[in-house]
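Participant: Can you keep this structure in mind? I'll have questions shortly.
Read the figures in this text as sums done on the coordinates, not as results from a lab. All values derive from a computational prediction rather than experimental measurement. FYI the Cβ positions are ideal-geometry reconstructions off the backbone, even for glycines, and counts take in every protein chain you see.
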Amino acid sequence: MKYYTYFPGCSSSDGGAKAYGMSTEAVARALDVELIELEDWNCCGSTPYTSVDELASFCSSARNLALAEDKGLDLVTPCSACYVILSKTNSYLKEYPELRAKVDEALAAGGLEYHRTIKVRHLLDVFANDIGFDEIASKVKRNLGGLKVAPYYGCQVVRPGPSFDDPESPQSLDRLIECLGAEATPFPLKARCCGGSLIISEEDLALGLIRKLLDSASSNEAECIATVCPLCQTNLDVYQGRVNKKFKTSFKLPVLFFTQLMGLALGIDGKTLGLEKCIVSADKVLAKYVEI
Amino acid sequence: MEATKAQVTGTLVGEISRIPGGERIRLCIQCGTCSASCPNANRMDHTPRKLIAMARAGMREEVLSSNSMWLCASCYLCTVRCPREIKITDIMHALECLSVRENVSSARTLTPTMYRSFSDFVYSIGSVPEPSFMILFYLLTNPLRAMRMIPMAFSLLTHGRMSIKARRLKPEAERQFKAILDKAEELGGI
Ligand code: SF4
Ligand code: SF4
């Protein structure tokens, strides 16, 4: 059994990406990974907070780090946006003494101290590197038999780094997909941007980016896309209809969390994995290969 | 968290270089790698490379009131590619914060309002309930667009992807969180 402190983030805990949280927990159980949810965690603030009040954003992330320090376990999150903010705060507190002094003072106002001993990890890193591909492959109960999956990393899981994988041409998700028996298709835009939260304020711009990603995936014959981030999933899945309307395209690519694919291969049922929450249904594609 | 009057503490480039991540701005060689990597450069008033040149030339107003940094999606591609290891994404965030503080944010993009509604939720309850955040944002910006969003909201609801109730921290945790943020505010920014 391996233990981690778990930071689900707003979106995966109860928001639009609830299926990510559900499948993460189910897969962790199947792999003997114990995710202990950080008590009373607060929102990481994501990009918006950083862009409005940077000090407040560092302080709110630091509160989470300080709370996690009690347990001394690595802090793992499935959300790339949480990951980038928490790990950036963590490394900047080490690098910049002036920032650290201010953050320490703010934390003290809440009765907290942070000694900078925590490691922040993305869930993909934990599965790929702590559990390992061989171990995962050995637990596969339903081989995904050649299902063609476009491995989509997006940005913040590998950038700015230093990261567990290459910042522009990462491989860990490809290998993970393959150890489930599925096929990782070539995907030249695998680490390019989906527009993130700009889908809300700059919809046209973001729809253009999403279109390019869907194009790249489908022209390489992917039958579905696997993501490692709630924002990416939402943009590619929920807004796929909007892309089709705007660009007169006819994409029908299911967008799954990588944990949902893992769960299927590990023998977990579709309901537990929240498969029915996909807006572009994955049922038909998956039914060709496994019983859901 | 209100926008205060401009407190000009020196040149723009000086201010940026004092912010974590901004310290290498003076080392820019204007190679343009950042602009060539940026997925959104074509919609920006000034490309990332040019924005840095302008900041260094002291064009404070033009820089802070441009839409450039508000179209940055924080993809960090420029940052990992810059041959001078300049953290351009961090500089974008710093410019956003400065433009908010000086109340000169570009009116041609809705991103500042969106970020603000998001941050207000973080501050007030420590989490962001997506539906309420979206509703607040659309009401603030364009109620007609809120109407257009109804079918999408409906589809999210029927797929079990919208919770009406916001996650709340325990009262003592919420108080602690606020105490930390209030202190941060008192410290007056980075
Ligand atoms: S990539 Fe770096 S050195 Fe080149 S123009 Fe951009 S900031 Fe300057
Ligand atoms: S981080 Fe921002 S400025 Fe840099 S390439 Fe990405 S969108 Fe452009």
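Participant: DSSP loop (so not H, G, I, E, B), at most 16 other Cβ within 10 Å: list which GluC sites (Glu not before Pro) in region A:168-260 pass both filters.
Facilitator: The qualifying sites are A:Glu168, A:Glu221.
Participant: Right, here's the next one. Out of all Cα-Cα pairs in region A:213-257, roughly what percent, to the nearest whole number, are more than 17 Å apart?
Facilitator: 25 percent
Participant: Picking from A:Ser61, A:Ser163, A:Ser219, which is most flexible by a Gaussian network model of chain A using Cα springs under 10 Å?
Facilitator: Among A:Ser61, A:Ser163, A:Ser219, the largest GNM mean-square fluctuation belongs to A:Ser219.
Participant: Further, regarding this structure: Looking at A:Pro188, A:Gly15, A:Gln156, which one has the Cα that reaches farthest to the positive end of the dipole of chain A (charges on Cβ: Lys, Arg +1; Asp, Glu -1)?
Facilitator: Of the listed residues, the answer is A:Pro188.
Participant: For region A:75-168, which semi-axes, largest first and in whole Å, follow from the square roots of 5 times the eigenvalues of its Cα gyration tensor?
Facilitator: 35, 15, 11
Participant: Something else about it: Taking the alpha-carbon centroid of each part, what is the distance from region A:142-204 to region A:228-244 in angstrom?
Facilitator: 14 Å
Participant: Turning to a different aspect of this structure: Please state, as a whole number in µm²/s, the translational diffusion coefficient that the Stokes-Einstein equation yields for region A:141-287 at 10 °C and 1.306 mPa s, with Rh defined as the Kirkwood radius across alpha carbon pairs.
Facilitator: 104 µm²/s
Participant: Grab the DSSP H runs of the protein assembly as shown that are 4 residues or longer, score each as -39,500 (n - 2.57), total them, divide by all residues and round the 222 nm result to the nearest 500 deg cm²/dmol.
Facilitator: Value at 222 nm, helices only: -14000 deg cm²/dmol.
Participant: Further question on the same structure: Let me know the mean shielding of A:183-192 by other chains, meaning the per-residue number of their Cβ atoms within 10 Å of its Cβ.
Facilitator: 1
Participant: Which trypsin sites (Lys or Arg not before Pro) in region A:1-77 sit in a loop by DSSP (not H, G, I, E or B) and have at most 15 other Cβ atoms within 10 Å of their own Cβ?
Facilitator: A:Lys71
Participant: With +1 assigned to the C-beta of every Lys and Arg and -1 to the C-beta of every Asp and Glu, and no other charges, what is the dipole magnitude of chain A about the Cα centre in debye, to the nearest 20?
Facilitator: 920 debye
Participant: Sticking with this structure for a sec: Express the Stokes-Einstein translational diffusion coefficient of the protein assembly as shown in µm² s⁻¹, to the nearest whole number, given a Kirkwood radius over alpha-carbon pairs, 10 °C and a viscosity of 1.306 mPa s.
Facilitator: So the translational diffusion coefficient is about 70 µm²/s.
Participant: In addition: What is the sum of charges around B:Thr109, taking Lys and Arg as +1, Asp and Glu as -1, for the other residues whose C-beta is under 13 Å from the C-beta of B:Thr109?
Facilitator: Value of the local net charge: -2.
Participant: If you take each beta carbon of peptide A:149-159 and count the beta carbons of other chains within 10 angstrom, what is the mean?
Facilitator: 2
Participant: Continuing with this model, one more query. Starting with the highest mean, order B:70-83, B:172-185 by the number of other Cβ atoms within 10 Å, averaged over the residues of each peptide.
Facilitator: B:70-83, B:172-185
Participant: Quick check: the distance between the Cα centres of region A:245-261 and region A:50-96, to the nearest angstrom?
Facilitator: After rounding, the separation between the Cα centres reads 31 Å.
Participant: Now for a different question. If a paramagnetic tag sat 7 Å from the Cα of A:Asp283 along the Cα-Cβ line, which residues of region A:243-272 would have the backbone N under 14 Å from that point?
Facilitator: Output list for this probe position: A:270-271.
Participant: Relative contact order for region A:141-287: what is it in percent, counting Cα pairs under 8 Å that are at least 6 residues apart?
Facilitator: Rounded, it is 26 percent for region A:141-287.
Participant: Name the long-range amide H neighbours of A:Ala282: under 5 Å, sequence gap of 5 or more, or other chain; modelled H, no Pro or chain starts.
Facilitator: So A:Ala282 has HN proximity to no qualifying residue.
Participant: To the nearest 20 Debye, how big is the dipole of region A:141-287 about its Cα centre, given +1 on the beta carbon of each Lys and Arg and -1 on that of each Asp and Glu?
Facilitator: That gives region A:141-287 a dipole magnitude of about 340 debye.
Participant: Let me ask something additional. Exceeding 27 Å between C-alpha atoms, which entries from my cross-link table qualify? They are A:Lys94/B:Lys178; A:Lys88/A:Lys271; A:Lys139/A:Lys277.
Facilitator: From A:Lys94/B:Lys178; A:Lys88/A:Lys271; A:Lys139/A:Lys277, over 27 Å: A:Lys88/A:Lys271.
Participant: Under 8 Å for C-alpha pairs, at least 6 residues apart: give me the relative contact order for chain A, rounded to a whole percent.
Facilitator: 20 percent
Participant: Right, next: Take the Cβ-Cβ distance between B:Arg18 and A:Ala108 as r, set R0 to 35 Å, and report the resulting FRET efficiency rounded to the nearest 0.05.
Facilitator: Given R0 = 35 Å and the Cβ-Cβ separation, E is 0.90.
Participant: Moving on to the next point. Within region B:1-106, report the GluC sites (Glu not before Pro) that DSSP leaves as loop and that have at most 14 other Cβ atoms within 10 Å.
Facilitator: Sparse-neighbourhood loop GluC sites (Glu not before Pro): B:Glu2, B:Glu85.
Participant: Any idea how far apart B:Arg175 and A:Glu39 come out in nm if each label point goes 7 Å out from Cα toward Cβ?
Facilitator: 1.6 nm
Participant: When the scattering of region A:2-123 is computed by the Debye formula from its Cα atoms alone, each counted once and equally, what is log10 I(q)/I(0) at q = 0.11, 0.12 Å⁻¹?
Facilitator: Debye intensities relative to I(0), on a log10 scale: -0.35, -0.41.
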